[in-house]
Amino acid sequence: HGVQWLDAGSRASSGAASLHATSSPAAWGRCGKSDTSAQDHDPGRMWELQVEVTVGLTGVGLCQYECPTCNATNQFRLGDGGKDLTHMDEIEVVAPSNWETQNMQSGAGRGLVPESREVCKAMQQLLDQTWKNQWTRDRGTDGKVMKFEVVMVQRNENVKVWTQYYRTRELLAQKAAQQKWAAYTSKTETEVQDCPEAKAFLNRANLNKDVNEFYLFHGTKPTSARAICDNDFLIDMAGANAGTLYGPGIYLAEASSKSDEYSGEDTAGIFQGLFAMLVCRVTCGNINYTDQVAPDVQGLVDSIVKVGSHHAVLGDREKCRGTYKEFIVFDEKQAYPEYVILYRRVPIDSR
């Protein structure tokens, strides 16, 4: 109330915290306190004040206190000088409602679980509605754009990887509550509003729009998809199958035909002749958007891994080249490989 809190020091695991604040004499006036010593100060100059207040936790990282001067009840979030607002392990993890594994203390979880016919139909709609007949050089000179036919869908119930993703998303949600981030959309949502199964699938997922959480595609091989679901993404392998125009991160797309450029088929085993596409939950947070033909790659990467002002890059090649948008995150904990689509490539005129 009338005071701008800058740093809460510790996380106040007890009921009290020493708070460091700066205020101007005018702020005291708004608080209703009469302080004659303040009249000797320049009203425009900030001066330092030590205050100790009693606080009570009303939520994760959220405290409230009663102003000792005007008795107003105020709230603030505890943090570490602008860093994470709570410890990772303080966040209670909740499993998606459709998981068979609901106990997040159960260990590894069920792993890959075959999905229902309804979910398979929803995935086919996602592939169809986000597809477009657009070639790019990432497909290769001999590559041909084709349509896709879903063969199988598996849901990934990996407790360890989900826990990392969930807590990272919740930490960003706390930051989003204090800052205003631009909101973006993805074609995986906007293009399927007239598709009942896909729309029901998205509604059940309850994606967090405050942190720009989307379902996005990532193309790979069936055997590689299994490895990613078991062990999460490896940043140092990013771009191994194509270029890295926006730096060494995890590349994801809103268009199935873009991610198919990075897909490969297994040449042996039970999935021989099939391609794979991951459908990932991705928390993009504060997005650094670029529609430049030749982007400042180092500046984009630095804004995320050094400065920390952003959490993902959105490269809009659809606008500058007429091709596709790509979403890139540089922390594997911001992407959860939730579904594996095993599919065939089929000629465009066959479906």
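The values are calculated or read from the model by the stated rules, or taken from the named source; none is laboratory data. The shown structure was predicted, so the numbers you read here are calculated from the model rather than taken from an experiment. Neighbour counts are summed over all protein chains in view; Cβ atoms, including those assigned to glycine, are modelled from backbone coordinates with ideal geometry. For the accessible areas, the whole protein counts, side chains as well, though only heavy atoms, and no ligand, DNA or RNA atoms are used. Shrake-Rupley method; radii C 1.70, N 1.55, O 1.52, S 1.80 Å.
Structural remarks
- Members of segment 100-120 that are surrounded by 19 or more Cβ atoms within 10 Å (Cβ to Cβ) and of a type in the set (Lys, Arg): none
- Scanning segment 171-227 for residues that are within 22 Å of residue 313 (Cβ to Cβ) and among the β-branched types (Val, Ile, Thr) gives 185, 188, 190, 211, 220.
- Residue selected from segment 121-147 under the condition at pLDDT 95 or above and of a type in the set (Lys, Arg), by the criterion most open to solvent (accessible area, probe 1.4 Å): 121
- Count of segment 194-208 residues which are more than 16 Å from residue 121 (Cβ to Cβ) and out of contact with any strand residue (DSSP E or B) (no Cβ under 8 Å at 6 or more places or on another chain): 1
- Every listed requirement among (1) under 19 Å from residue 208 (Cα atoms); (2) out of contact with any Asp or Glu (no Cβ under 6 Å at 6 or more places or on another chain); (3) of a type in the set (Ser, Thr, Tyr) is met by residue 290 save one, (1).
- Restricting segment 293-304 to residues that are out of contact with any His (no Cβ under 6 Å at 6 or more places or on another chain), touching a residue at least 12 places away in the same chain (Cβ under 8 Å) and surrounded by 14 or more Cβ atoms within 10 Å (Cβ to Cβ), the residue that is farthest from residue 227 (Cα to Cα): 295
- Those residues of segment 199-232 which are in a strand (DSSP E or B) and either at pLDDT below 95 or not small (Gly, Ala, Ser) (or both), in sequence order: 213, 214, 215, 216, 217, 218, 220
- Qualifying position, being surrounded by fewer than 22 Cβ atoms within 10 Å (Cβ to Cβ), closer than 20 Å to residue 145 by Cβ and modelled with pLDDT of 95 or more, among 345, 351: 345
- For segment 186-196, the set of residues classified as in a helix (DSSP H, G or I) and either buried (at least 19 other Cβ atoms within 10 Å of the Cβ) or touching a Leu at 6+ places or on another chain (Cβ under 7 Å) (or both) consists of 187, 188, 189, listed by residue number.
- Subset of segment 233-257 that is open to solvent by 10 Å² or more (accessible area, probe 1.4 Å) and closer than 20 Å to residue 215 by Cβ - its residue that is modelled with the lowest pLDDT: 238
- Test: residue in segment 209-230 that is out of contact with any strand residue (DSSP E or B) (no Cβ under 7 Å at 6 or more places or on another chain), in contact (Cβ under 8 Å) with a residue 40 or more places away in the chain and open to solvent by less than 40 Å² (accessible area, probe 1.4 Å): no
- Residue list for segment 250-300, filter: within 17 Å of residue 332 (Cβ to Cβ) and among the basic types (Lys, Arg): 281
- Of all residues making up segment 160-176, the number that are free of Cβ contacts under 8 Å to residues at least 60 places away in the same chain and not basic (Lys, Arg): 1
- Among the candidates 339, 289, the residue that is of a type in the set (Ser, Thr, Tyr), within 25 Å of residue 207 (Cα to Cα) and buried (at least 21 other Cβ atoms within 10 Å of the Cβ) is uniquely 339.
- The single residue among 234, 278 that is touching a Pro at 6+ places or on another chain (Cβ under 6 Å) and at negative phi turns out to be 278.
- Checking every residue in segment 311-330 against the condition of being more than 27 Å from residue 150 (Cβ to Cβ), open to solvent by 20 Å² or more (accessible area, probe 1.4 Å) and under 15 Å from the mean Cα position of the chain (by Cα) gives at least one match.
Residue by residue, here is whether (1) of a type in the set (S, T, N, Q); (2) closer than 16 Å to residue 219 by Cα; (3) in a helix (DSSP H, G or I); (4) within 24 Å of the chain's Cα centre (by Cα) holds:
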{"position": "101", "(1), (2), (3), (4)": "yes, no, no, yes"}
{"position": "106", "(1), (2), (3), (4)": "yes, no, no, no"}
{"position": "123", "(1), (2), (3), (4)": "no, yes, yes, yes"}
{"position": "127", "(1), (2), (3), (4)": "no, yes, yes, yes"}
{"position": "135", "(1), (2), (3), (4)": "no, yes, no, no"}
{"position": "149", "(1), (2), (3), (4)": "no, yes, no, no"}
{"position": "160", "(1), (2), (3), (4)": "no, no, yes, yes"}
{"position": "163", "(1), (2), (3), (4)": "yes, no, yes, yes"}
{"position": "170", "(1), (2), (3), (4)": "no, no, yes, yes"}
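- Of the listed requirements (1) farther than 30 Å from residue 107 by Cβ; (2) open to solvent by less than 20 Å² (accessible area, probe 1.4 Å); (3) out of contact with any strand residue (DSSP E or B) (no Cβ under 8 Å at 6 or more places or on another chain), residue 159 misses just one: (1).
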